[in-house]
Amino acid sequence: GGLGQSKRANVSMLDWARRGVEKGYVVLLMDALHQRNVDTVCMGPKNGVVFARGVKDAFQAARHLRSLDFVRRDRVALAGWSWGAMVGLMASRSSWAGALAEGDGFRAVVSMYPGCFTIRPRNAPAFDIAGSDVTVPLLALLGGQDTETPPADCLARFEDARAAGAPVAWHLYPDATHCWDCRQLDGYSKVDIRGNPVAYRHDRDVTEDSAERMFRFLDQTMK
């Protein structure tokens, strides 16, 4: 949803930005949608906003951050939620970074409730969101009751990646739904692109724990 839809601010993203600043980080919020006249990509690509464009946006944002005097060039990380979390999974992989990174990539990636789907574009070869060629420390946080981006799709792929030596860690919140941090969407329901019923429940405890895990991970990987 970018930074808001239909005059409703995406307050969860503003919450995360405030948390980052309070921890001493420089925070850059990216909105890949609204300047391209896109309301959502949950039902498929619009106006050229495909996953590769999202990954390219992320690497361009990293380049921009490194141009700022008050940013440590060797300590730039990416945190993503939902669609942005899938962008993060791709940006952590050597195959995508090798093709799309502009200079250095990311020191670490945090991915909250990502989908680990195989994407089958109409006019291009299929590709996997998650893979074993992860070269950047990656932390994925998943909801056990998430029917929009089911965690089972990710867990097997993460196991394979870790077995291959990739720096992948994850944690599953058994009772959490998709968008557990989205206090502005508590109780929201819909049918997703695959026909699955989806419900969001804001969970303050899970949100606090996921924040603790994220910042501990960033502190450890970007010392």
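The values are calculated or read from the model by the stated rules, or taken from the named source; none is laboratory data. No experiment lies behind these values; they were computed from the predicted model shown. Here Cβ is always computed from backbone atoms with ideal geometry, including for glycine, and neighbour counts include all displayed protein chains. Quick note on the areas: whole protein, heavy atoms, side chains included, nothing else; ligands and nucleic acids left out. Shrake-Rupley method; radii C 1.70, N 1.55, O 1.52, S 1.80 Å.
Modelled spin labels at residue 175 and residue 66, positioned 7 Å past Cα toward Cβ, are 4.4 nm from each other.
With protein chains left intact and a 1.4 Å probe, residues in the chain average 51 Å² of accessible area per residue.
When both the stretch 195-223 and the stretch 28-69 are represented by their alpha-carbon centers, they are found 21 Å apart. With the Kirkwood sum run over all distinct C-alpha pairs, the stretch 31-83 has a hydrodynamic radius of 12.5 Å. With Cα atoms defining each centre, the stretch 129-176 and the stretch 83-98 are spaced 13 Å apart in the structure. When the chain is treated as a Gaussian network with alpha carbon springs shorter than 10 Å, the biggest mean-square fluctuation among 92, 111, 189 belongs to 189. Just checking the listed ones, 90, 112, 30: in the Gaussian network model of the chain with Cα springs under 10 Å, the one fluctuating most is 30. When every Cα-Cα distance of the stretch 152-223 is counted in 5 angstrom steps from zero, the calculated P(r) takes the values 3, 13, 16, 18, 21, 15, 9, 3, 0 percent.
The slack between residue 152 and residue 28, meaning 0.36 nm per residue of separation minus the straight C-alpha distance, is 41.6 nm. Within the stretch 22-118, the proportion of Cα pairs with more than 20 Å between them is 35 percent. Expressed as a whole percent, the accessible area of the stretch 84-223 that falls on carbon and sulfur atoms is 49 (1.4 Å probe). From the Kirkwood radius over Cα pairs of the stretch 11-222, Stokes-Einstein at 37 °C and 0.692 mPa s returns a whole-number translational diffusion coefficient of 188 µm²/s.
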